[in-house]
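Trainee: Take this structure first; my questions come after.
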Amino acid sequence: MARDFFIYNTLTRKKEEFVPINPGMVGIYVCGPTVYGDPHLGHARPGVTYDVLVRYLRYLGYKVRYVRNITDVGHLEHDADEGEDKIEKKARLESLEPMEIAQAYTVAYHEAMRKLNVLPPSIEPRATGHIIEQIELIKRIIASGLAYESNGSVYFDVPAYSAKYRYGILSGRNIEDMLSNTRSLDGTGDKRSPYDFALWKKASASHIMKWPSPWGEGFPGWHLECSAMSEKYLGREFDIHGGGLDLQFPHHECEIAQNVASRGCQGVRYWMHNNLITINASKMSKSANNFITLDELFTGRHVSLDQAYSPMTVRFFMLQAHYRSTVDFSNDALKAAEKGLKKVLQVAKDYRSLQFSDNGAPSGELQAVADGIHEALCDDLNTPVALAHIFESVRIVNIAKDSRQRLTAGDREILDLVYGKIVPDVLGIVDESMSSSDEKMVDGLMDMILQARSDAKQRKDYAASDAIRDRLNALGITIKDTKDGTEWSL
């Protein structure tokens, strides 16, 4: 079991060695989507980030329980406590039931994650499936003296909490400064303080998604579901809580307050936050006409795109930036990622045809590649540095191929590790043009075709040889004659 894995903990603002609460086991909770619209680039970033985290922890030998929720009620407009429920509003606009909207966009989200090769979580709870747990959680917070009922709604008392604990510990915000710089509500709402947040909202007569409670018919607040579901499936304390940087405040800050009030502890050992996405250096937004859904990206059907980009190109591009840094999407950057991806996938195929000695230790260069990849991933999932080492192995393989240099058996073991485990199983980079069984079949057919072309050349039947080459080119298959034989690529 590796003990040198480090995570940047947003709570402490420093890298810390990862030590799980239960040896050999890891509990992870990640905030999933609010399912009221098509999955977009903002969904892809955390999807890929925490997928690599889970994959690498499993590679290191940990047993991982990965919980990622679906928000299908309670998330109001502008992430506030007022306004319409986002899903109900979408349902009203499309004349559908709210659960039809939630189901349709949940299916779309799952399909987008599948294309990006994001593994499904161990458990995917929905907010609507855990109303009872959320009501019980509210009762515990009220019993602690840190929540109050007001006109059928229940609010968390932030000033009362701050008198005993520290609201703002995750985001670094100071509640006294926040209150002094905020105008009074002037009696326009049911809250005692503008920074109190809803645990339970009273439903209007026209509100569709509502449930009975001790405080009347209503629905849970947005922040509550994650506290309730993380505790149910991961326990009073668990290892890692992840999500986008935009959730740090208020969502995750409110989670901590709820956890402390109901459990007596903040509940999470390591907080991780992936940074946001910009498009051509501008914040992604519908009003700026640079809001791109994943389907538009995969099909190229968007005014700002020059072409379609495959899901693997998008995944590869995201991994070229550290998860805590901003990633800027542009056509030029995506095209560069597309070229880099092709080089890696080509070498993943080419190295198998190299000549290797029957024994011998790995070369210093390839050993450094293996060590460098491991060190980079153990250093807070530094995927861009890991990819830099992988590109070094691309260079080494291409030199060996061009110079007919014989590599050692130890070199072969490292290349098998890099291209048979790290690239596909940890980074999740695969050749999406075919399945593994299809690949074996195509490899066999191509061997037969290239052997027929080689036989034609030996008979000096160059017309037949050229005809085979031209037919392959017409099918999108390029062949290249080298000293070691003929190579092909799609």
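Trainee: What number of residues within segment 251-270 satisfy the criterion of being of a type outside the set (A, V, I, L, M) and either buried (at least 23 other Cβ atoms within 10 Å of the Cβ) or part of a helix (DSSP H, G or I) (or both)?
Mentor: Going residue by residue through segment 251-270, those that are of a type outside the set (A, V, I, L, M) are 251-255, 258-259, 262-267, 269-270.
Keeping just the survivors that are either buried (at least 23 other Cβ atoms within 10 Å of the Cβ) or part of a helix (DSSP H, G or I) (or both) gives 251-255, 258-259, 262-263.
The number of residues fulfilling the criteria is 9.
Residue by residue, here is whether (1) in a helix (DSSP H, G or I); (2) of a type outside the set (Val, Ile, Thr) holds:
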residue: Met272; (1), (2): no, yes
residue: Phe291; (1), (2): no, yes
residue: Leu297; (1), (2): yes, yes
residue: Phe317; (1), (2): yes, yes
residue: Tyr323; (1), (2): no, yes
residue: Asp328; (1), (2): no, yes
residue: Asp332; (1), (2): yes, yes
residue: Ala337; (1), (2): yes, yes
residue: Val344; (1), (2): yes, no
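Trainee: For the subset of segment 384-403 comprising residues that are touching a residue at least 24 places away in the same chain (Cβ under 8 Å) and either touching a Phe, Trp or Tyr at 6+ places or on another chain (Cβ under 6 Å) or of a type in the set (Lys, Arg) (or both), which member is least open to solvent (accessible area, probe 1.4 Å)?
Mentor: Taking the candidates together, the pick is Val397.
Trainee: Kindly list, by first and then second residue, each pair from a residue in segment 450-472 that is within 14 Å of Thr486 (Cα to Cα) to a residue that is at pLDDT 85 or above and of a type in the set (Lys, Arg), limited to pairs with Cβ atoms under 6 Å and residues at least 6 apart or on different chains.
Mentor: Ser465/Arg453; Ile468/Arg453
Trainee: Looking for whichever is open to solvent by 30 Å² or more (accessible area, probe 1.4 Å), within 30 Å of Gln346 (Cα to Cα), at pLDDT below 95 and under 21 Å from the mean Cα position of the chain (by Cα) here; the options are Asp332, Asp306, Asp328. Which one fits? So that I can check it myself, show each step before the final result.
Mentor: On the way: Asp332 fails: under 21 Å from the mean Cα position of the chain (by Cα); Asp306 fails: under 21 Å from the mean Cα position of the chain (by Cα).
On inspection, the qualifying residue turns out to be Asp328.
Trainee: In segment 197-246, what residues are among the aliphatic types (A, V, I, L, M), part of a loop (DSSP other than H, G, I, E, B) and either closer than 20 Å to Cys265 by Cβ or touching a strand residue (DSSP E or B) at 6+ places or on another chain (Cβ under 7 Å) (or both)? Working first, answer last.
Mentor: Going through segment 197-246, the residues among the aliphatic types (A, V, I, L, M) turn out to be 198-199, 203, 205, 208-209, 224, 228-229, 234, 240, 245.
Now narrow it down to the ones that are part of a loop (DSSP other than H, G, I, E, B): 203, 205, 208-209.
Of everything in segment 197-246, those that are among the aliphatic types (A, V, I, L, M), part of a loop (DSSP other than H, G, I, E, B) and either closer than 20 Å to Cys265 by Cβ or touching a strand residue (DSSP E or B) at 6+ places or on another chain (Cβ under 7 Å) (or both) turn out to be Ala203, Met209.
Trainee: If you take the residues of segment 403-425 that are more than 26 Å from the chain's Cα centre (by Cα) and among the hydrophobic types (A, V, I, L, M, F, W, C), which of them is nearest to Asp358 (Cα to Cα)?
Mentor: The residue in question is Ala409.
Trainee: Exactly one condition in (1) open to solvent by 30 Å² or more (accessible area, probe 1.4 Å); (2) in a helix (DSSP H, G or I) is false for Gly360; which is it?
Mentor: (2)
Trainee: Name the one entry in Asp79, Asp51, Asp38 that is open to solvent by 60 Å² or more (accessible area, probe 1.4 Å) and within 25 Å of Gln266 (Cα to Cα). Steps first, please.
Mentor: Working: Asp51 fails: open to solvent by 60 Å² or more (accessible area, probe 1.4 Å); Asp38 fails: within 25 Å of Gln266 (Cα to Cα).
Among Asp79, Asp51, Asp38, only Asp79 is open to solvent by 60 Å² or more (accessible area, probe 1.4 Å) and within 25 Å of Gln266 (Cα to Cα).
Trainee: Continuing with the same structure: Can you tell me how many residues in segment 369-383 are touching a residue at least 12 places away in the same chain (Cβ under 8 Å) and open to solvent by 40 Å² or more (accessible area, probe 1.4 Å)?
Mentor: The qualifying residues number 1.
Residues checked against (1) of a type in the set (Asp, Glu); (2) over 19 Å from the mean Cα position of the chain (by Cα); (3) open to solvent by less than 20 Å² (accessible area, probe 1.4 Å):
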| site | (1), (2), (3) |
| --- | --- |
| Ser310 | no, no, no |
| Phe316 | no, no, yes |
| Gln320 | no, no, no |
| Arg324 | no, no, no |
| Val344 | no, yes, yes |
| Gly364 | no, yes, no |
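Trainee: While we're looking at this one, here's another question. How about segment 96-151: which of its residues are assigned to a strand (DSSP E or B) and open to solvent by 20 Å² or more (accessible area, probe 1.4 Å)?
Mentor: Result: Ile123, Arg126, Glu149, Ser150.
Trainee: Picking from Thr299, Thr293, which residue would you name as being more than 25 Å from Ser393 (Cα to Cα) and in contact (Cβ under 8 Å) with a residue 12 or more places away in the chain?
Mentor: None of the others qualify; the one that does is Thr293.
Trainee: Also, quick follow-up: Given (1) touching a helix residue (DSSP H, G or I) at 6+ places or on another chain (Cβ under 8 Å); (2) under 21 Å from Val426 (Cβ atoms); (3) open to solvent by less than 40 Å² (accessible area, probe 1.4 Å), identify the lone condition not met by Ile70.
Mentor: The number of the failed condition is (2).
The values are calculated or read from the model by the stated rules, or taken from the named source; none is laboratory data. Everything numeric here is computed off the predicted structure, so don't read it as measured data. A quick note on method: Cβ atoms are made from the backbone with ideal geometry, for glycine too, and the neighbour counts reach across all protein chains shown. All accessible areas refer to the heavy atoms of the entire protein, side chains included, with ligands and DNA or RNA removed. Shrake-Rupley method; radii C 1.70, N 1.55, O 1.52, S 1.80 Å.
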